[in-house]
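Worksheet for the structure shown next.
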Amino acid sequence: MRGTTSGVLSQNKGKQAEIITTLQGIQEQLGINDFSKVISHTLWQKKINTITRTIWENHIFYLQEDSNQFLYPYTKNKSKLTLTAEAAYCLRKFSEYIIQYVKQGCVSHIKPNKQNQLIIRPKDDLESFLFGSNRAKLTKLTPYLIEQQNCRCFYCKKLVTKTSDVDHFIPWKKYPRDITQNLVLSCAACNRRKSDMLTGKLHLERWMQEILPNEERSTCIANQGFISDEACSRRVAEWAYRHADMARSLAWVGRKDYSFIGFF
């Protein structure tokens, strides 16, 4: 990632930064960027104790209070933690939300750091740079969506190609899950202009009439490893549009046209 110069992204100093320092030291010593190869090296086994000790000393005891050990009970055994049944259930059920919120937290922590401003350009996708992108998973749907949408962009109806974008109708920023009913094929121009905005009334009505109730479409996408949940998609759409309406937010209509929600 390059701006006016290049370098290593910085974070605030402190004891907790030891984890990053240790990981960076491993990479410098081995000269390996592939994490799967790093963890199989003997040096990783030696350094993991340092990382584990730092986590125990600086993170474990900040997640809950001594008087309310709702995640896991504190023990003298520092080799493992045993989650409570409720915590294990919630972490599994809401894992996609938690992962996305952690990613957003890391991005919001790194981006304002003045030392990083010379490295990060305004249009850089910092989240993809740090954590990778989920686009590869979505692109495997492109051939099916091209056929299902008769080779047309969902928004402008222009012809699409194999390199067109799979778009989250309710923006990923508002609802970070790849639910089948929320995925449509878009030309690159519409996807960029829509960005993380909700769409206008006509697009919403088409989505609710043509996409949401289409069980065959949802089943085909679900067979590719995605979650199908029509009822959830409806509730999310209603929630997103009601809040946007209350906030007097603009909706994307097409090209460079926008309007207030005002209809939900």
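Output the residues belonging to region 191-226 that are of a type in the set (Gly, Ala, Ser) and closer than 15 Å to Arg255 by Cα.
Ser195, Gly200
Could you tell me which numbered condition Arg234 fails, if it satisfies all but one of (1) modelled with pLDDT of 90 or more; (2) in contact with a helix residue (DSSP H, G or I) (Cβ under 7 Å, 6 or more places away or on another chain)?
Exception for Arg234: condition (2).
Give me the pairs, please: first residue somewhere in region 166-188 and under 17 Å from His203 (Cα atoms) and without any contact (Cβ under 8 Å) to a residue 24 or more places away in the chain, second residue anywhere and assigned to a helix (DSSP H, G or I) and not aliphatic (A, V, I, L, M), beta-carbon distance under 7 Å, and either six or more positions apart or on two chains.
Once the first residue is under 17 Å from His203 (Cα atoms) and without any contact (Cβ under 8 Å) to a residue 24 or more places away in the chain and sits in region 166-188, its partners that are assigned to a helix (DSSP H, G or I) and not aliphatic (A, V, I, L, M) give His168/Asn182.
Could you run through region 184-223 and say how many residues are of a type in the set (Lys, Arg) and more than 19 Å from the chain's Cα centre (by Cα)?
Number of matching residues: 4.
Go through region 81-105 and give me each residue that's more than 12 Å from the chain's Cα centre (by Cα), under 22 Å from Tyr175 (Cα atoms) and not aliphatic (A, V, I, L, M).
If we filter region 81-105 for residues that are more than 12 Å from the chain's Cα centre (by Cα), which is where we start, we get 81-94.
The next check asks that each one be under 22 Å from Tyr175 (Cα atoms); those that pass are 89-94.
The answer is Tyr89, Cys90, Arg92, Lys93, Phe94.
Specify which of the listed residues (Cys232, Cys220) is surrounded by fewer than 20 Cβ atoms within 10 Å (Cβ to Cβ) and closer than 19 Å to Arg152 by Cα.
Going through Cys232, Cys220 in turn, just one is surrounded by fewer than 20 Cβ atoms within 10 Å (Cβ to Cβ) and closer than 19 Å to Arg152 by Cα: Cys220.
Can Ile211 be described as at pLDDT below 95, assigned by TED's automatic domain parsing to the domain that holds Glu147 and surrounded by 19 or more Cβ atoms within 10 Å (Cβ to Cβ)?
no
Mind telling me which of the residues Arg192, Arg152 ends up being farther than 22 Å from Glu210 by Cα, at pLDDT 85 or above, surrounded by fewer than 18 Cβ atoms within 10 Å (Cβ to Cβ) and not polar (S, T, N, Q)?
Arg192
If you check every pair at least six apart or on different chains, which have Cβ atoms under 9 Å apart with a residue in region 217-238 that is on the phi < 0 side of the Ramachandran plot first and a residue that is of a type in the set (Lys, Arg) and in a helix (DSSP H, G or I) second?
Going by the 9 Å Cβ cut-off, the qualifying pairs are Gln224/Lys137; Phe226/Lys137.
Determine whether region 20-30 contains at least one residue that is outside any loop (DSSP other than H, G, I, E, B), at pLDDT 80 or above and among the charged types (D, E, K, R).
Scanning region 20-30 turns up at least one residue that is outside any loop (DSSP other than H, G, I, E, B), at pLDDT 80 or above and among the charged types (D, E, K, R).
Scan region 239-264 residue by residue and report those that are aromatic (Phe, Trp, Tyr) and on the phi > 0 side of the Ramachandran plot. Talk me through it step by step, then tell me what you get.
Just the residues of region 239-264 that are aromatic (Phe, Trp, Tyr), to begin with: 239, 241, 252, 258, 260, 263-264.
None; the set is empty.
The values are calculated or read from the model by the stated rules, or taken from the named source; none is laboratory data. The structure displayed is predicted, hence computed values, not measured ones. FYI the Cβ positions are ideal-geometry reconstructions off the backbone, even for glycines, and counts take in every protein chain you see.
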